[in-house]
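Heads up, the thing below is written out as structure tokens.
The values are calculated or read from the model by the stated rules, or taken from the named source; none is laboratory data. Quick caveat, the model's predicted, so the values are computed rather than measured. Cβ sites come from the backbone with ideal geometry, for glycine too, and all protein chains shown count toward neighbours.
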Amino acid sequence: MSKFFRISMFLVAVLLFSCGGGGGSKQVTVSWSANKDKVVNMTGGGYTLYYSQQSSFDINSASKTDVSYVSGSTAPISTKLVLAGGVWFIRIAAYGIVNGIKKTSDPSEQIAVNAGG
Amino acid sequence: MLNKLVFISTLLFATNSLFAEYVPGEVIVKLKSSSSISAYANVSEIAGSDLKVIKIDKDKDVMEAVQELAQNPDVEYAQPNYIYHISVVPNDPYFAPKLWGLKNTPQNVPGATYANNPGNLGDDIDAEDAWGIITDCSSIIVAVIDTGVRYTHEDLSANMWNGGVSYPHHGWNYHDSSNDPIDDNGHGSHVSGIIGAQGNNSKGVTGVCWRVNIMALKAFGSDGTGSTTTIISSIDFAINNGANIINASFNLYGSVDAALSTKITDAQKAGILIVAAAGNGYLNDGSAYDVDAGTKTYPCCYTQDNVLCVTALDQKFQRATFANYGATSVDVAAPGTNVWSAWNTNDSFYKIESGTSMATPYAVGVAALVWANNPGYTYLDVKNAVMYGGAVVTSLADTTVSGKVINAYNAVNYINVPRGLTAVVSQ
């Protein structure tokens, strides 16, 4: 392999990395308004974030992150996701324990975020 | 044949699983004699029985675990640990024989004037189940803008709003410009009884709320007519005196009343939910129509988000023939035929009535239960719980916004869809 070819490949790799493409990822801060439902803001309650690169996605086949109640008067209302470059679609649902079983709200409308790339 | 049996059994099993609730992470098993269940680490005895409880991973589907265990040769049978609910039954004598909207047995409602009597078992708002969670709405003030309230009635007197020395008769009379909103028609007392006739007092009927604060605002005369001025003054009183919900079992046909619309916006800013009747045909002629396509009824058709518009169902959960509808204007349905409640004739008088005027206070009562159970709610949280926490009625899909009839139990247990979702790339 010639020296010129190796230098060229290195420069291409640096270029891809600096542009965030080719698998580069971004940290995305997701926030929402606190639900007022009692069961969401107590032990066993919280939120589930669903995210996908498919628009109008089915939450059952999407990636998800749980943001559960820890302490205090409300469950957390933000979290950070590390997402690969590109456009992502995000939805959120609230949940709580109702009469001993986990009950989840309908998911919100989706929002879009461009994680670059 | 065996295949068919297995298929039928699976269907029944699936049907049961749709309705029954069970404890997550637990399965109950009965072992065959002299068998053990050593493969499972977390097994405990149920006191007073020969059954055992097996703890499984909480994320594992209970029904899947039941099916797996049922195939274990050491297991005689396996089942979920079902959750039971207490059902609270008030001792009011008219509850069981007359109040089908709260519990449809299906009783033959005495004195009925509307068809489909008796109705269908269970076509009700599941009040008993909701009362297992909450009966007391005494943290909530409901303003009834109507013909006044017979505040001395045996089933209403304990649940009237306390206006102190300024308002000794529990509200105001804007129709006659006095401090005495006594009911000279009966309509307002009937509406009030559906919302909050005192429950479990061994008298007459029970309201959806057993305890509540009814603010009597008389905007309508004995002939059942009121005006822009009496109504907006009543709303203003409700705003200034801490009302949470307004019952508006009245209609204006066709004209957008700018003054009333502005006052409804004022109520919105004050955080008040206004529950309005869809109307009984045009000018109450009893021939239902689509308010989206025909003459609009107000305040039902105002677009402020603090307005919840209600149509009426009968004892078989069919929309009443008089009950207006509208896929974009009428939000939800509620029981509204052959409804027994308090009346103004004397302090122990009750009467049967039908109308969207009667459906509206059912929704108000459920809203008050929801709000009392979740004091942090906004009017929009309450409205969503009442609308979307209802039960699906197929025939309402094209005639209401939600396609649902109110359900007290589901509404009290509703979890709102989170709002205000945003995302920012931070790195």
Could you go through the range A:88-98 and let me know if any residue there is in contact (Cβ under 8 Å) with a residue 40 or more places away in the chain, more than 7 Å from every other protein chain (Cβ to nearest Cβ), not in a strand (DSSP E or B) and not hydrophobic (A, V, I, L, M, F, W, C). no
Does the range A:62-70 include one or more residues that are surrounded by fewer than 18 Cβ atoms within 10 Å (Cβ to Cβ) and facing chain B (nearest Cβ under 10 Å)? no
Which of the residues belonging to the range B:400-427 are facing another protein chain (nearest Cβ under 10 Å) and aliphatic (A, V, I, L, M)? B:V412, B:I415, B:V417, B:L421, B:A423, B:V424, B:V425
Given the options B:A293, B:A385, name the one that is crowded, with 21+ Cβ neighbours inside 10 Å, among the hydrophobic types (A, V, I, L, M, F, W, C) and at pLDDT 95 or above. B:A385
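Okay, residues lined up against (1) in contact (Cβ under 8 Å) with a residue 40 or more places away in the chain; (2) more than 14 Å from every other protein chain (Cβ to nearest Cβ); (3) touching a Leu at 6+ places or on another chain (Cβ under 8 Å):
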{"position": "B:T297", "(1), (2), (3)": "yes, yes, yes"}
{"position": "B:W340", "(1), (2), (3)": "yes, yes, yes"}
{"position": "B:M358", "(1), (2), (3)": "yes, yes, no"}
{"position": "B:L380", "(1), (2), (3)": "yes, no, no"}
B:A333 being within 12 Å of the chain's Cα centre (by Cα), modelled with pLDDT of 95 or more and farther than 18 Å from B:R211 by Cα: yes
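Taking the criterion of being surrounded by 24 or more Cβ atoms within 10 Å (Cβ to Cβ) and not hydrophobic (A, V, I, L, M, F, W, C), would at least one residue in the range B:276-284 satisfy it? Show your work before the answer.
Of the residues in the range B:276-284, the ones surrounded by 24 or more Cβ atoms within 10 Å (Cβ to Cβ) are B:276-280.
With the extra rule that they be not hydrophobic (A, V, I, L, M, F, W, C), the set shrinks to B:279-280.
Yes, because at least one residue in the range B:276-284 is surrounded by 24 or more Cβ atoms within 10 Å (Cβ to Cβ) and not hydrophobic (A, V, I, L, M, F, W, C).
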Are any of the residues in the range B:212-229 in contact with a Pro (Cβ under 7 Å, 6 or more places away or on another chain), modelled with pLDDT of 95 or more, in the same structural domain as B:V366 (by TED's automatic domain parsing) and not charged (D, E, K, R)? yes
Only listed residue being at pLDDT below 95, out of contact with any Asp or Glu (no Cβ under 6 Å at 6 or more places or on another chain) and aliphatic (A, V, I, L, M), chosen from B:I133, B:I145, B:I140: B:I133
Output the residues belonging to the range B:284-309 that are under 18 Å from B:V393 (Cβ atoms) and touching a Pro at 6+ places or on another chain (Cβ under 9 Å). B:C309
Tell me which residues, restricted to the range A:21-53, are in contact (Cβ under 8 Å) with a residue 40 or more places away in the chain, touching a helix residue (DSSP H, G or I) at 6+ places or on another chain (Cβ under 9 Å) and within 7 Å of another protein chain (Cβ to nearest Cβ). A:N35, A:D37, A:K38, A:Y47
Residues that are assigned to a loop (DSSP other than H, G, I, E, B) and either at pLDDT below 95 or of a type in the set (K, R) (or both), drawn from the range B:77-102: B:I83, B:Y84, B:H85, B:I86, B:S87, B:V88, B:V89
The range B:408-427, residues that are touching an Asp or Glu at 6+ places or on another chain (Cβ under 8 Å), in contact (Cβ under 8 Å) with a residue 24 or more places away in the chain and not hydroxyl-bearing (S, T, Y): B:A408, B:N410, B:N416, B:V417
Take the residues in the range B:89-109 that are of a type outside the set (A, V, I, L, M, F, W, C) and without any contact (Cβ under 8 Å) to a residue 40 or more places away in the chain, then tell me which one is nearest to B:S202 (Cα to Cα). B:P97
Residue that is farthest from the other protein chains (Cβ to nearest Cβ) [pool: residues in the range A:72-87 that are crowded, with 16+ Cβ neighbours inside 10 Å and outside any loop (DSSP other than H, G, I, E, B)]: A:A84
Would you point out which residue out of B:G336, B:G355, B:G376 is of a type outside the set (A, V, I, L, M) and at positive phi? B:G355
Taking the range B:230-270 and keeping residues on the phi > 0 side of the Ramachandran plot and either in contact with a helix residue (DSSP H, G or I) (Cβ under 6 Å, 6 or more places away or on another chain) or modelled with pLDDT of 95 or more (or both) leaves B:G242
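Going residue by residue through the range B:116-123, is there one that turns out to be more than 14 Å from chain A (Cβ to nearest Cβ) and in contact with a Gly (Cβ under 8 Å, 6 or more places away or on another chain)?
Of the residues in the range B:116-123, the ones more than 14 Å from chain A (Cβ to nearest Cβ) are B:116-123.
Going one step further and asking which of them are in contact with a Gly (Cβ under 8 Å, 6 or more places away or on another chain), we end up with none.
Checked against the condition, which is being more than 14 Å from chain A (Cβ to nearest Cβ) and in contact with a Gly (Cβ under 8 Å, 6 or more places away or on another chain), the range B:116-123 yields no hits at all.
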Go through B:A397, B:A323, B:A363 for me and flag whichever is free of Cβ contacts under 8 Å to residues at least 12 places away in the same chain and away from every other protein chain (no Cβ under 14 Å). B:A397
